[in-house]
1. Give the residues of the range B:311-369 that are among the aliphatic types (A, V, I, L, M) and assigned to a loop (DSSP other than H, G, I, E, B), sorted by residue number.
2. What residue, of B:A91, B:A124, is more than 9 Å from chain A (Cβ to nearest Cβ), out of contact with any helix residue (DSSP H, G or I) (no Cβ under 6 Å at 6 or more places or on another chain), within 30 Å of A:F35 (Cβ to Cβ) and not acidic (D, E)?
3. Counting only residues that are among the small types (G, A, S) and either modelled with pLDDT under 95 or surrounded by fewer than 18 Cβ atoms within 10 Å (Cβ to Cβ) (or both), which one in the range A:111-146 is farthest from A:V83 (Cα to Cα)?
4. Say whether the condition of being under 20 Å from the mean Cα position of the chain (by Cα), among the charged types (D, E, K, R) and at pLDDT 95 or above is met by at least one residue in the range B:294-310.
5. Yes or no: the range B:80-95 includes at least one residue that is assigned to a strand (DSSP E or B) and not aromatic (F, W, Y).
6. Taking the stated definitions as given, is B:S262 closer than 25 Å to B:G327 by Cβ, more than 19 Å from the chain's Cα centre (by Cα), polar (S, T, N, Q) and surrounded by fewer than 21 Cβ atoms within 10 Å (Cβ to Cβ)?
7. Looking only at the range B:57-78, filter to residues that are out of contact with any Asp or Glu (no Cβ under 6 Å at 6 or more places or on another chain) and of a type in the set (G, A, S); which one of those is nearest to the other protein chains (Cβ to nearest Cβ)?
Amino acid sequence: MATVTEKLEGMDVWLYHGQIYIPNTFSAGAVGSRFLIELRDKKRIMGMRCPTCNRVYVPARSICKDCFEQLDEWVEVSDKGTVLTYATDYETKSIQPTGSPIVYGIIQLDGADTGFVHMLGEVDPEQLRVGMRVQAVFQKEREGSILDIKYFKPLA
Amino acid sequence: MSERVGIISVAQTKYHPNRADVSEEELSYEAIKQVLEETGISLSDIDSAVTCSQDFWDGRTISSMNIQHVVGAHLGHEDNISEDGINAVYAAMAQILSGRQDIVLVEAHTKESQTDKSMVENAAFDAISMRQLGLDFTSAAALQAKRYMYKYGITAEQCAMVAVRNRANAKNNPLAQEPMDITVDDVLGSKILVSPIRLLDTKPISDGACAMIMTTESRAKKLTKNPVWILGASNCYETHYLGDRDLADCDALTKAAKKAYSMAGITNPLRQIDVAEISTEYSYQEPLWFEGLGFCDRGKGGKLVESRVIKMGGNLPVNPSGGVLPGNPNGVAGMARVVEAVLQLRGEAGDRQIKGAKVALAHGYTGICGQHQAVMILGNI
């Protein structure tokens with residue numbers, strides 16, 4: 001934690017450079033944990049079906065937003081899907097998991113009724129289009145994280 | 001609403017890229033002092049304060065803790081809203097309608113210059129499913145912009161027109177941060193941040209504060225010659241996970257607007273509303289929010305952006321102040337829209353005044369891709 005004070009040039013004002021570091025331990029919950037474990041151990045992308053509206057949510061989650069039903073029907077969806085939208089981030093930011101540019105995408109996986117928010121890779125930004133078919137590329141070393149999927153690459 | 005709530009005074013600081021010369025409470029004081037002086041109300045007359053600030057922007061938990069002495073909350077009632085400040089106005093309205101609070105001070109401040117925008121925004125995303133991807137509000141907005149442009153054929157030129165018009169309108173607003181004479185080509189030639197969003201499609205880092213005093217109908221009539229009434233107000237929330245929504249549509253805004261219109265007796269917004277102040281941090285949002293607000297059908301926002309209707313001198317001028325794009329801070333932006341609507345209805349909007357304005361709309365939103373939407377209808381009769 002920096003505790004530097006400095007005088008602003010031309011101003012009789014002092015600035016204090018602080019930083020708050022607060023560790024968090026987030027639980028993925030029962031459903032989220034299994035979703036991540038399936039990614040890690042079996043490279044499977046799991047969804048959850050609502051018994052009332054029949055919608056398949058991906059990533060799997062425990063409650064339907066419209067029906068308020070508690071969900072328990074696991075469904076494996078495809079690792080292939082269709083790009084609903086995309087955006088290329090050219091800025092370099094400390095929050096980014098990889099070097100920039102990063103191509104973000106929302107992908108509707110085959111068998112899912114929701115979009116899956118992730119990254120696109122092995123793709124020329126000029127070739128990006130809504131509707132393009134993509135497939136998940138998994139990391140070799142996986143740890144039970146959304147980043148166990150490296151990105152989605154265009155299907156040949 | 002049987003009993004009306006009146007706004008009797010409003011004030012804003014000038015919006016600025018870096019107010020390192022003042023602390024947060026000094027910045028807030030600049031706006032609060034103005035509303036107290038105008039009304040002759042002293043801090044001890046304030047029954048309740050509703051403050052609006054956000055912990056991550058302010059860099060402390062319970063961000064309102066350090067401003068109690070400038071909002072009249074020293075040994076007094078205070079509530080804090082961490083969404084957009086338009087929701088602080090709503091909370092103040094509810095307090096007054098409860099019959100338990102007479103005079104309520106509303107305050108919003110943010111100094112965006114004090115921290116790292118993308119880090120604060122990234123922390124708003126679900127930690128497990130989205131935060132680790134490195135998303136911030138601009139990259140999420142770019143996903144929404146692309147989806148919207150794809151689904152309805154909205155063009156980059158139409159979005160650029162929004163960036164141009166708002167910055168040009170800001171030339172009539174002495175408190176605006178970046179009034180500019182720019183062209184569509186300037187916008188389309190500016191640096192790409194996250195495609196399709198370019199530098200001039202979004203707002204600069206901004207510091208600022210605003211304040212208002214609200215009270216009951218009877219007190220308002222005694223305290224000022226020109227009170228402004230809240231005729232309708234509503235908000236609506238939608239799902240957080242970006243993949244659960246079709247980002248090309250804004251269902252939450254549609255619902256919020258319908259409810260606010262119904263309270264205010266608005267059936268034809270383009271005809272019945274004289275001036276609108278809308279929160280658009282990114283240029284594509286203006287046509288999209290037009291659709292949500294029912295100013296046009298879905299997918300027709302691009303055409304409305306091109307038309308004279310929403311320009312100064314049109315049927316429904318949108319953002320005579322310049323709105324958010326020339327620079328308003330997070331949290332303050334939507335409340336500043338209410339402040340601008342009040343100035344219009346009091347005939348105090350200077351060079352940006354819409355003559356004879358009687359009914360105004362103010363809009364604010366909070367969160368990723370407009371997850372939480374708020375609409376307020378105000379009038380002076």
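1. Pass one, the range B:311-369, residues among the aliphatic types (A, V, I, L, M): B:312, B:316, B:318, B:324-325, B:332-333, B:335-336, B:338-339, B:341-343, B:345, B:349, B:354, B:357, B:359-362, B:368.
Hits for the range B:311-369 are B:M312, B:L316, B:V324, B:L325, B:V332, B:A349, B:I354, B:A357, B:I368.
2. On inspection, the qualifying residue turns out to be B:A124.
3. So the residue we want is A:G144.
4. no
5. Yes - at least one qualifying residue is present in the range B:80-95.
6. Values: closer than 25 Å to B:G327 by Cβ: no; more than 19 Å from the chain's Cα centre (by Cα): yes; polar (S, T, N, Q): yes; surrounded by fewer than 21 Cβ atoms within 10 Å (Cβ to Cβ): yes.
Considered against the rule, which asks whether it is closer than 25 Å to B:G327 by Cβ, more than 19 Å from the chain's Cα centre (by Cα), polar (S, T, N, Q) and surrounded by fewer than 21 Cβ atoms within 10 Å (Cβ to Cβ), B:S262 comes out as no.
7. B:G59
Listed here are the residues, each with its yes/no results for (1) of a type in the set (V, I, T); (2) free of Cβ contacts under 8 Å to residues at least 60 places away in the same chain; (3) surrounded by fewer than 23 Cβ atoms within 10 Å (Cβ to Cβ).
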position	(1), (2), (3)
B:T115	yes, yes, yes
B:S118	no, yes, yes
B:R147	no, no, no
B:Y150	no, no, yes
B:G153	no, no, yes
B:E157	no, yes, yes
B:V162	yes, no, no
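The values are calculated or read from the model by the stated rules, or taken from the named source; none is laboratory data. The shown structure was predicted, so the numbers you read here are calculated from the model rather than taken from an experiment. Here the Cβ is made from the backbone with ideal geometry for all residues, glycine too, and neighbour counts use every protein chain on show.
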